[in-house]
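The values are calculated or read from the model by the stated rules, or taken from the named source; none is laboratory data. Since this is a predicted model, take the numbers as computed values, not measurements. Glycine gets a Cβ as well: all are built from the backbone with ideal geometry, and neighbour counts include every protein chain shown. Heavy atoms of the whole protein, side chains included, go into the accessibility calculation; ligands, DNA and RNA do not. Shrake-Rupley method; radii C 1.70, N 1.55, O 1.52, S 1.80 Å.
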Amino acid sequence: LGWCIDTIGRGFADRLHAHSCKPHGGDVQFLYREVTLQIISATFNDKCAEIIGPTLKGARLGLIKCSINSLRQKFCFKRETSDFLPKNDNSFCLVVGENSRSAGPFMARSLYLAPCNTTDPKYRKWSIKEDRN
């Protein structure tokens with residue numbers, strides 16, 4: 001099923017990681033709003049992915065109240081490479097970690113920023129499913 005952005009634990013949490021995608025969605029459902037450059041939770045109202053602290057190698061993501069003015073919530077999706085890049089530093093990509101850990105009947109991995117040019121593309125490629133409604 002691939003890897004999806006997910007809240008850590010069950011239900012709402014203010015920290016994000018990668019989780020094996022669930023066939024029925026739930027807290028692994030996020031939308032990309034290209035107009036505002038935000039990755040938005042489809043499950044938790046008015047919550048967006050945000051880089052915690054400075055944009056640097058290993059920076060983690062949290063799930064924070066959406067703010068159109070927060071630069072740490074701005075991500076560009078580069079369709080040619082399927083990368084998510086922080087708007088304020090496009091040398092980094094949003095990646096999943098190499099190592100999996102058990103998450104109930106599923107698996108989880110770390111979710112963080114890493115240099116695009118030294119990260120294997122298989123850890124940084126994202127798919128955006130188009131809304132058919």
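Miscellaneous remarks
- Semi-axis lengths, Å, the chain, gyration tensor of Cα atoms, sqrt of 5 times eigenvalues: 20, 18, 15
- Summing Lys and Arg as +1 and Asp and Glu as -1 over all other residues whose Cβ lies under 10 Å from the Cβ of residue 96 gives a net charge of +3.
- Listed by chain and number, the lysines placed with their C-alpha closer than 28 angstrom to that of residue 65 are 22, 47, 57, 74, 78, 87, 125, 129; residues fewer than eight positions away on the same chain are left out.
- Hz values of 3J(HN,Hα) by residue in segment 107-118 - Karplus curve (6.51, -1.76, 1.60), Gly and Pro given as x: 10, 10, 9, 5, 10, 7, 9, 8, x, 4, 6, 10
- Label point at residue 81 placed 7 Å out along Cα→Cβ; residues across segment 28-69 whose backbone nitrogen lies under 18 Å: 55-59
- Peptides 103-109, 34-40 ranked from most to least packed give 34-40, 103-109, packing being the mean of other C-beta atoms within 10 angstrom over each peptide's residues.
- Against the criterion of solvent-accessible heavy-atom surface with a 1.4 angstrom probe, 47, 78 sort, most first, into 78, 47.
- The label point for residue 52 and the one for residue 101, both projected 7 Å from the Cα toward the Cβ, are 1.2 nm apart.
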